[in-house]
Amino acid sequence: MRRLLAKVMMSAALVGFAVSARPQQPEMPKPAPELKKLEYLVGKWKVEGEAKPGPMGPGGKFTGTDAWVWMEGGFYLVNHSKFAGGGMGEGSSIAFMGYDADKKMYTYDEFNSMGETVHSTGTVEGDTWTWLSDSKMGTQMMKGRFTTKTLSPTSYSFKFEMSQDGTTWNTVMEGKATKAT
């Protein structure tokens, strides 16, 4: 009986040692707390505005829908968008919004049905978000500035401007988004 008890104790000790010697699973990363500010966008939005005539087209009224959801894990907000009008016809896009903790900047990456990509970095101050980007129009580099201002828990206004030098800005489009759900 003593031998059996000794064997059981020895086995338990070996199992305990083996479990404690096993490498610990690394702690899963957690989304940055700054991402909570993006929660405002989750849901479906109706977008209406006006594109100004210029190098991007003849301009005119446009409409659209945005459907924002969190990607599994909570690190990125994903938007499926559809748009029509504004002199550009109909189209769609997918976008990913996140936060770069090293640069302390929000990120926005969009890919649309016209073959365009948009890569922006953003900051927020109070109820105003400012997104900056660089894009090529023909052979010339242009700077973009997309600004949104929260008007209420269910609406925001927006304006997109472009500049050749980053000093003089021209409005390309502006409008309003209203939360549908």
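Bear in mind these aren't lab numbers, they're just calculated from the coordinates by the rules spelled out. Quick caveat: nothing in here was measured; it's all calculated off a predicted structure. Using ideal geometry, Cβ is built from the backbone for each residue, glycine included, and neighbour counts are taken over all protein chains shown.
Here are the numbers for this structure:
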read-out	value
The range 102-120 residues that are free of Cβ contacts under 8 Å to residues at least 60 places away in the same chain, paired with ones that are surrounded by fewer than 16 Cβ atoms within 10 Å (Cβ to Cβ) and of a type in the set (S, T, N, Q) (beta carbon under 6 Å, 6 or more apart)	M105/T121; F111/T117; S113/S92
Answer residue from the range 145-180, given it is of a type in the set (A, V, I, L, M, F, W, C), farther than 16 Å from G54 by Cβ and touching a residue at least 60 places away in the same chain (Cβ under 8 Å) and is surrounded by the most Cβ atoms within 10 Å (Cβ to Cβ) among those	A177
Some residue of the range 112-125 being within 25 Å of P29 (Cα to Cα) and either surrounded by 16 or more Cβ atoms within 10 Å (Cβ to Cβ) or of a type in the set (G, A, S) (or both)	yes
Some residue of the range 101-109 being exposed (fewer than 12 other Cβ atoms within 10 Å of the Cβ) and over 21 Å from Y40 (Cα atoms)	yes
Within the range 100-129, tally of residues that are assigned to a strand (DSSP E or B), in contact with a Ser or Thr (Cβ under 7 Å, 6 or more places away or on another chain) and farther than 23 Å from S157 by Cβ	3
Count of the range 143-159 residues which are in contact with an Asp or Glu (Cβ under 7 Å, 6 or more places away or on another chain) and of a type in the set (A, V, I, L, M, F, W, C)	1
Meets criteria (touching a Gly at 6+ places or on another chain (Cβ under 7 Å) and either of a type outside the set (D, E, K, R) or without any contact (Cβ under 8 Å) to a residue 24 or more places away in the chain (or both)) for M142	no
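Each row is one residue, and each column tells you yes or no for (1) more than 21 Å from G54 (Cα to Cα); (2) among the polar types (S, T, N, Q); (3) in contact with a Lys or Arg (Cβ under 8 Å, 6 or more places away or on another chain).
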{"site": "D100", "(1), (2), (3)": "yes, no, no"}
{"site": "T107", "(1), (2), (3)": "yes, yes, no"}
{"site": "M114", "(1), (2), (3)": "no, no, no"}
{"site": "T117", "(1), (2), (3)": "no, yes, no"}
{"site": "T128", "(1), (2), (3)": "yes, yes, yes"}
